[in-house]
Amino acid sequence: MCVRILLAAALILLAIPAFAQWKPVPGPLATKWSKDVTPETAHREYPRPQLVRKHWTNLNGLWDYALTKKGGRPEKYDGKILVPFPIESSLSGVMKRVPADERAQWRADLERELSTMPAGDREKLAQVVSDPCSKDNLKFELGGRSSPYEARLRLACTKIMADKATFGRALWDNVPKMMFIFLPLIAAVMSALYLGSRRYYVEHLVFFVHYHAFFFLAGILLLICEQLGNPEGNAIARAFDTIANLLEFVCLFYVPWYLYRAMRRVYGQGRLWTLAKFFVLNLAYIVCILLTGIGLLFYTALSL
């Protein structure tokens, strides 16, 4: 489980540009403007420019979707859909017909859930949706230590809600800065695990630079195959989709095995000692990546 989270976290950092998960389905009614549509540019303007509110949220972009039978709930999602384009359209990235009874069921389910919600919860939900960055909705319970940053974080929240694509690009651009903090942290953990190895700290750091070079290369190859693959496309697209699934399965087992073998070969300890330190290292890896990931979010928000 730890290794799977490790692989998923790295691939998420590589895949922050969400538009990599979407592409239009070839359709018979494409126009010369169709090629300009991306998740970044999908109707960013206010729908009624004459009546622009002071605070509003644009929900256009990529969303998970699933087609289920009447009354059923999805066990997993079928993919991504680009809102606001209808699911039957090419630009939605889906281009599938939804039976009328299923559309009616979706609306009925939503209305039933909203009607059973207490009045106070409905008011709070409406308040959060209308202005998620207000003082009432965005609070910091850190005492005086957070007060110098509250105004900047609230301003950053407003900018993020107004233009999520810009925040995503800034987040992606700051990932290398995060790695400059993360790698020394995990190298320090390795140095503590091998105190008696008489190795310099920089040797542990070089070990992780080499390991992550392999790790991210595998992730890049996986993302390329996923981008080119399509289970419902032509033979080449289906082949890439099969390769992506196979590569994901192989990475799930080979990446942790590669780390274990590297620790055995470089540090030369027995199997049981290496295995114990391997599990401690995985736990430390998750903690370090969570801490640096949170720092990345705050740094990006404050530097917008």
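Okay, residues lined up against (1) modelled with pLDDT under 90; (2) closer than 30 Å to PHE167 by Cα:
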| residue | (1), (2) |
| --- | --- |
| TYR201 | no, no |
| ALA213 | yes, yes |
| PHE253 | yes, no |
| TYR260 | no, no |
| ARG264 | no, no |
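In region 270-286, which residues are surrounded by fewer than 16 Cβ atoms within 10 Å (Cβ to Cβ) and within 22 Å of VAL206 (Cβ to Cβ)?
Correct list: TRP273, VAL280.
Yes/no per residue for (1) assigned to a helix (DSSP H, G or I); (2) out of contact with any Leu (no Cβ under 8 Å at 6 or more places or on another chain); (3) hydrophobic (A, V, I, L, M, F, W, C):
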site: ALA237; (1), (2), (3): yes, no, yes
site: LEU246; (1), (2), (3): yes, yes, yes
site: ARG265; (1), (2), (3): yes, yes, no
site: GLN269; (1), (2), (3): no, yes, no
site: THR274; (1), (2), (3): yes, yes, no
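Looking for something farther than 30 Å from PRO26 by Cβ, without any contact (Cβ under 8 Å) to a residue 24 or more places away in the chain, in the same structural domain as LEU297 (by TED's automatic domain parsing) and touching a helix residue (DSSP H, G or I) at 6+ places or on another chain (Cβ under 9 Å) - is there at least one such residue anywhere in region 239-251?
yes
Would you pick out the residues in region 189-205 that are among the hydroxyl-bearing types (Ser, Thr, Tyr) and part of a helix (DSSP H, G or I)? Outline the logic, then answer.
Quick first cut of region 189-205, residues among the hydroxyl-bearing types (Ser, Thr, Tyr) only: 191, 194, 197, 200-201.
Passing the criteria: SER191, SER197, TYR201.
Taking interchain pairs and intrachain pairs at least six residues apart, which have beta carbon atoms under 8 angstrom, with the first residue in region 182-200 and small (Gly, Ala, Ser) and the second surrounded by fewer than 15 Cβ atoms within 10 Å (Cβ to Cβ)?
Correct list of pairs: ALA187/TYR201; ALA188/TYR201; SER191/TYR201.
Which residues, counting only those in region 133-153, are surrounded by 15 or more Cβ atoms within 10 Å (Cβ to Cβ) and modelled with pLDDT under 70?
ASN137, LEU138, TYR149
Give the residue that is surrounded by the fewest Cβ atoms within 10 Å (Cβ to Cβ), with candidates limited to residues of region 154-192 that are among the polar types (S, T, N, Q) and within 12 Å of LEU304 (Cβ to Cβ).
Only one residue tops the list, namely THR166.
Six or more apart or on different chains, Cβ atoms under 6 Å: show the pairs whose first residue is in region 276-301 and assigned by TED's automatic domain parsing to the domain that holds ARG169 and whose second is surrounded by 15 or more Cβ atoms within 10 Å (Cβ to Cβ) and of a type in the set (Ser, Thr, Tyr).
These pairs meet every condition: PHE278/TYR260.
The values are calculated or read from the model by the stated rules, or taken from the named source; none is laboratory data. Remember, it's a predicted structure, so these values are computed and weren't measured experimentally. As a convention, Cβ positions derive from the backbone with ideal geometry for all residues, glycine included, and neighbour counts pool all protein chains shown.
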